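Trainee: Can you read through this structure? Questions will come right after.
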Amino acid sequence: MTPVERIDSLLDNRSVVVCCGAGGVGKTTMSAAIGLAAAQRGRKVVVITVDPARRLGEALGLADGLGADPRPIECDLVEGGALWAMMLDPEVELERVIRSHAVRPGQADEALANPFTRSIGSALGGTQEFMATEVVYRLVNDERFDLVVVDTPPSDRAIEVIEAPDVLVRFLDHQVFKLLMGTGGRAFRLLSAATQPLLRAVGRVIGTAVLDDVVGFLRSFTGMEASFRDRAVAVRTVWRADSTAFVLVTAPRPDAVEETRRFAEQLSSLGVGTDLVIANRCAPSIDLVPGDGEWAPAAAGSDPVDVARSLADWSARLYEAESKVLADLDTPIRIERRPGDVHDLESLSALARAIGT
């Protein structure tokens, strides 16, 4: 499949596009551009950023940023399709999930009143990734959208987003968790006999008040775990489905290319393939200008023709050097660098056109 065919398939046929990449390579902007390009082809697209850097709102030119619900993006450049955008707010999403999963009256209020629940949403490591699983499930099953574009955190944390459904399922299936969730009978007796000394030891380390909050949270959580597991299994299936595309965004630098290769290998180990690599901010392709000897910058006051030739030679050699760096990747799509940042829909549309051609 040629690069153009791969891009056409991605924009026209996929239902989920996951954008990953190292920090600073333009991953979030590329996610927004992919979403806009698909919307311009008639798709109903929502772009969700899991990256806490909040760059998505800036790329879309939204001075007031994005919230935890899909926001319609008004754009004259989109005809036939539609574009929404949102950002993950772990605390908001956690409350939404608890309320939607509650199995008895008052259970959600009880769980949300627990201090440990509040700490989960605001400070506990991994919450961002687990809540990403929940929001992706919700968006994929929202009939308003036929394409969900997921902007992940930088690649060192993006793999945790992809692994989160598997981690959650393993945790919920673990025998220790099932014992902790036991509410009576043999399970409760085993919990009392086998774990009370351990719980007392933990209480001495973290404090009995905190331990009481944790135990209270687990009790208030009882009955909701099956829904969490079902949704995690569904998202695990989404990540590996043929209708999902993984796009790796990189830059024509050795460090960025090496990180991209390493991340692709990590995805492969999880049973997830890489559908497209986009090399962002590349030098344009310019033929070398005939000259004698190595390139050297033109001196001040040189003839304009000599200056132009020097600049063209420099750009051509930069393109050649970047091509060697990118040779380790599987036929990446090169996107030329542009003056200034992408900070409004007009400049984002120009980038979307570059992706779609």
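The values are calculated or read from the model by the stated rules, or taken from the named source; none is laboratory data. Since the model is a prediction, treat every value here as computed from it, not as a measurement. Positions of Cβ are generated from backbone atoms using ideal geometry, with glycine treated the same way; all protein chains shown enter the neighbour counts. Ligands, DNA and RNA are excluded from the accessible area calculation, which covers all protein heavy atoms including side chains. Shrake-Rupley method; radii C 1.70, N 1.55, O 1.52, S 1.80 Å.
Trainee: For Ala82, list long-range residues whose amide hydrogen, built 1.01 Å from N in the peptide plane, is under 5 Å from its own amide hydrogen.
Mentor: Arg43, Lys44, Val45
Trainee: When the label point is put 7 Å from the Cα of Glu5 along its Cα-to-beta-carbon vector, which residues of segment 314-357 have a backbone N closer than 19 Å?
Mentor: Flagged as within label range: 330-334, 356-357.
Trainee: Can you list the HN-Hα couplings for segment 236-247, worked out from phi with the Karplus curve (6.51, -1.76, 1.60; θ = phi - 60°), rounded to whole Hz and with x for Gly and Pro?
Mentor: Each residue of segment 236-247 in turn: 4, 5, 4, 4, 9, 6, 5, 7, 9, 10, 9, 10 Hz.
Trainee: Under a crude label model (7 Å from the Cα following the beta-carbon direction), how far is Asn13 from Ser269 in nanometres?
Mentor: Result: 3.1 nm between the two label points.
Trainee: Would you check the accessible area of Thr244, probe 1.4 Å, heavy atoms only, in square angstrom rounded to 10?
Mentor: 10 Å²
Trainee: On the accessible surface of segment 1-45, probed at 1.4 Å, how many percent belong to carbon and sulfur atoms? Walk me through the intermediate numbers first.
Mentor: Numbers: 670 of 1310 Å².
Reported share for carbon and sulfur atoms: 51 percent.
Trainee: At 0.36 nm per residue, and after removing the present C-alpha to C-alpha distance, how many nm does the segment from Thr237 to Leu318 gain when stretched out fully?
Mentor: Details: separation 81, 0.36 × 81 = 29.16 nm, distance 4.22 nm.
Fully extending the segment from Thr237 to Leu318 adds 24.9 nm.
Trainee: I've got another one for you. For segment 67-83, take each phi angle, set θ = phi - 60°, evaluate the Karplus expression 6.51 cos²θ - 1.76 cosθ + 1.60, and give the result in whole Hz per residue in order, putting x for glycine and proline.
Mentor: x, 8, 10, x, 10, x, 9, 6, 8, 5, 7, 10, 10, x, x, 7, 9
Trainee: Between Gly21 and residues 5 or more places away or on another chain, which pairs have amide H atoms under 5 Å apart, with H built 1.01 Å from N, and which residues are they?
Mentor: Ser155, Val249
Trainee: Let me ask something additional. Near the amide H of Ile333, under 5 Å away, which other amide H atoms are found, from residues 5 or more places off or on another chain, if H is placed in the peptide plane?
Mentor: Answer set, sorted by chain and number: Val277, Ile278, Ala279.
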